[in-house]
1. Report yes if A:A154 is within 26 Å of the chain's Cα centre (by Cα) and surrounded by fewer than 14 Cβ atoms within 10 Å (Cβ to Cβ), otherwise no.
2. If you check A:L144 against the conditions, is it within 14 Å of chain B (Cβ to nearest Cβ) and free of Cβ contacts under 8 Å to residues at least 40 places away in the same chain?
3. Within region B:14-25, is even one residue over 19 Å from the mean Cα position of the chain (by Cα), closer than 30 Å to B:V155 by Cα, modelled with pLDDT under 95 and more than 14 Å from every other protein chain (Cβ to nearest Cβ)?
4. Quick check on B:G223: is it modelled with pLDDT under 90, out of contact with any strand residue (DSSP E or B) (no Cβ under 9 Å at 6 or more places or on another chain) and within 14 Å of chain A (Cβ to nearest Cβ)?
5. Does B:M235 satisfy the criteria of being within 14 Å of another protein chain (Cβ to nearest Cβ), of a type outside the set (K, R), assigned to a helix (DSSP H, G or I) and within 26 Å of B:N129 (Cα to Cα)?
6. If the requirement is being more than 22 Å from the chain's Cα centre (by Cα), within 23 Å of B:N48 (Cβ to Cβ) and surrounded by fewer than 16 Cβ atoms within 10 Å (Cβ to Cβ), which of these qualifies: B:T166, B:T189, B:T152?
7. Take the conditions in contact (Cβ under 8 Å) with a residue 12 or more places away in the chain, under 30 Å from the mean Cα position of the chain (by Cα) and farther than 24 Å from B:Q218 by Cβ and apply them to A:R130. Does it pass?
8. So for region A:98-116 (the condition being part of a strand (DSSP E or B) and of a type in the set (S, T, N, Q)), does at least one residue qualify?
Amino acid sequence: MSNATETGAAAPPLLSLRNINMTFGGVRALKNVSFEVMPGEVHCLAGENGCGKSTLIKVITGVYKPAAGAEIAFDGETVPHMTPGIAQSLGIKVIWQDLALFPEMTVAENIAFQTLSGARPRFVSYPKIRRIAEEALARLGVKLDVDRPLKDFAIAQRQIVAIARALVGEARIVFMDEPTASLTQAETDHLLSIVHTLSASGVAVVFVSHRLAEVLEISSRLTVLRDGNLVGVYPVAGMTQSRVTELMTGRTFDQNVRARDVSKNPVVLSVKGLSRPGEFSDISFELRRGETLGVTGLLGSGRTELALTLFGMRQAASGTVTLEGVPAYFSSNREAIAAGIAYLSEDRLALGLNQPQSIADNLVQASLDSILSGGLISSEKKRSLVARWIADLGVKIGKQEDAICTLSGGNQQRVAIAKWLATNPKVLILDAPTVGVDVGARAGIFEIVARLAEAGLAIILISDEVPEVYFNADRVIHMEKGRIAGWHDPRSTTLKDMEAAVYA
Amino acid sequence: MRKLFLSHTTEYVLLIVIAVISIYLSFAADRFFTLGNAFDLLNISAVNIIFAVGLLVVLIAGGIDISFAVAASVVQYVAVLLLERIGGGGWISGLVVAAGIGVALGAVNAFLVHRFRIISIVATIATFNVYFGLLMFFTKGVSIYNLPDWLTTRVIVYEREMADGTWAEITLPVVVMMVCVLVTWLFITRTTTGRQLYAFGDNPEGARRFGINIGAMQFIAFGWLGLMAGIAGLMQAHYAQEVVPNALYGCELDVLAAVVLGGARLGGGKGSVFGCVLGVLLVSITQNGLNLMGVSPFAFKMIVGAIILVAITLSSARLGNLLPAFAKTAKTEGANR
């Protein structure tokens, strides 16, 4: 199973795990998993959401305690009871997927938090903390005001802070759980070059990412997990994206351009010269029945602001919007929903779904009027509405009453889409619908999108991942600094050309 | 300067509100703007400020405590009885005993919160009732007037005769209060443990993943409040020259309001000692001013409540909405720095 033999007289692994079992409330999240990382290697941990990657990282760092029989060894020494404190002292660093930062504290304190941790009280030296933070940021080639509280910064900058934090102090192995999720291409490239530097200086890096191109570019070995089981360990040389996808999901996917000609269909939404100072200007397009219009561009290009304006949550300064020939001016999103516009928010965790609430309650949230009976919510109507959409979108659930947070990312997103479909929209805006959704489930989401378009729904698909709009939209708008920088037709252009245009 | 303003908005707003109220009161009541009255204010506020900096630490760590005031009453009783048993004691033994009992009562709260995962508001409402119930049961509501001499003798640290022949005095509780304020400030801003309390209150899971001992955080936070409550209890007994079982009953909510007014967040991770002192002072100054103006004491609560509401509205994060031009340019400049 291990490919360590290919290095000849194999060096002992830096980290080795055997017999890792982990159970959460009857669900086995990890089944007999073993995992090995060599000193200085870049190792990719791949698998769909919910396959146990993050759980494995938490076991390695002592956040979770695995079932009896587990063996964890670091640098040849067995660690019988791993704790987060021991992991810190061994030089095991993590960039957590949820970042695990401290929003009220300054950037400097967040980055240099290691110097603040430890049970023995010491006096704090703020100049030292500031220096550590600035050095770590300099290594990343980023400048941030380290004296401001973290909460002042956007998610992409917070991610950089989380990365910088992992570079502080004596690292032996760095786990990066989706470190590039909200970075621009330039920032990602910078991070990847840092990974190379770390690896060259003998620090092992374990990389977790949904972006398979990134993974194949950077890592030398690949460990694949599926449903909590170890699928295998493979050398990356000779691997293709589709092969990795196949290993992760156990199925094969082919990607074809889905674009169709919809120019004969009637116009549903027409936008002319829409502007909002500081956000976007002079946006004009027509969206037809059954069309999927892709909107792409980097973070900050005005995509989300445009979507929020169409959804009535902000008001345009000039320009017109007509919905089925009727002028549409919304002073709130309630009016937009009533008029038939639905918006799937880009931040599902914080805004899109109410995590502790049940699947059923989340699903009916935007369409409560339709399940009223004599002014009160009819549990019968609610149940049947939920059951219909669950079946229609193929959401895998236990009970309707289960909390939404028990579902995987892909299934949560299906519920979020169902929530909006239940409002009977004419236009569905999907803002980054695959963030935090793994490859297999992404395909499922786009199946749904294609089916909805086929049934006549007009869809605006916003994504910063060019391949997503390339393969799934009929036409693509590319936005840059708040303006439409270009139109692309996937049928007459290649993915390469389109990526070159957007990332230029 | 702008940066300093933005990072301490609450404190500045409180200072401005206090200044405005003080200016008004100095016109409305002759005696308000005198050294004697300023010292009186400090003497009156000392106990509440000691409570407040203790409570601040618990709020920063993401908890809340309702029981500290009645815990201080328990401390007064037990300490006085205990000291009598050992022959009267003195300031040093008194402080040690009071602090020790206070810490022990705080540790009970920490134990309930940490060991049984009871959310702190519920745990401390329960201990509030238990402490007060035990106190009333065993004392049968009887006060102690016969305190040791050292405790009832007024200790004047600084005094000055005023033009009208009255004496302006600073008494021991003010000095103790200043020490408590300074030590708490040092603790939460200049020690790693203090910063860990902020981190823990801000993002408990993030702190846990960094290997921070969650249990220790709870015991330190509630222990610190217990320590302050013990000291404050002794100071209140000294100031009042008697121990009355329900003397402090009810003051927990005043202190809580003042601390939140000072910028501490009920969710944890936020708050400063300076803001907290200003919060208590704002309430005291208002009450003091109303008193001097001869306003009916029955109206105090109403007016103090209204001022708390106004100050909180002004100092909340929405300040930017109230002062668009200035605050916005300042913000972008801060970002470019």
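1. Details: within 26 Å of the chain's Cα centre (by Cα): yes; surrounded by fewer than 14 Cβ atoms within 10 Å (Cβ to Cβ): yes.
Answer is yes for this residue.
2. On the way: within 14 Å of chain B (Cβ to nearest Cβ): yes; free of Cβ contacts under 8 Å to residues at least 40 places away in the same chain: yes.
Here the answer is yes, as A:L144 does meet what is asked.
3. The answer is yes; a qualifying residue exists.
4. On the way: modelled with pLDDT under 90: no; out of contact with any strand residue (DSSP E or B) (no Cβ under 9 Å at 6 or more places or on another chain): yes; within 14 Å of chain A (Cβ to nearest Cβ): yes.
Here the answer is no, as B:G223 does not meet what is asked.
5. Values: within 14 Å of another protein chain (Cβ to nearest Cβ): no; of a type outside the set (K, R): yes; assigned to a helix (DSSP H, G or I): yes; within 26 Å of B:N129 (Cα to Cα): yes.
No: the conditions fail for B:M235.
6. B:T152
7. Values: in contact (Cβ under 8 Å) with a residue 12 or more places away in the chain: yes; under 30 Å from the mean Cα position of the chain (by Cα): no; farther than 24 Å from B:Q218 by Cβ: yes.
In short, no.
8. Filtering region A:98-116 for residues part of a strand (DSSP E or B) gives A:106.
Keeping just the survivors that are of a type in the set (S, T, N, Q) gives A:106.
Yes; the residues of region A:98-116 include at least one that is part of a strand (DSSP E or B) and of a type in the set (S, T, N, Q).
The values are calculated or read from the model by the stated rules, or taken from the named source; none is laboratory data. For clarity, every value in this text was computed on a predicted model and none was experimentally measured. Using ideal geometry, Cβ is built from the backbone for each residue, glycine included, and neighbour counts are taken over all protein chains shown.
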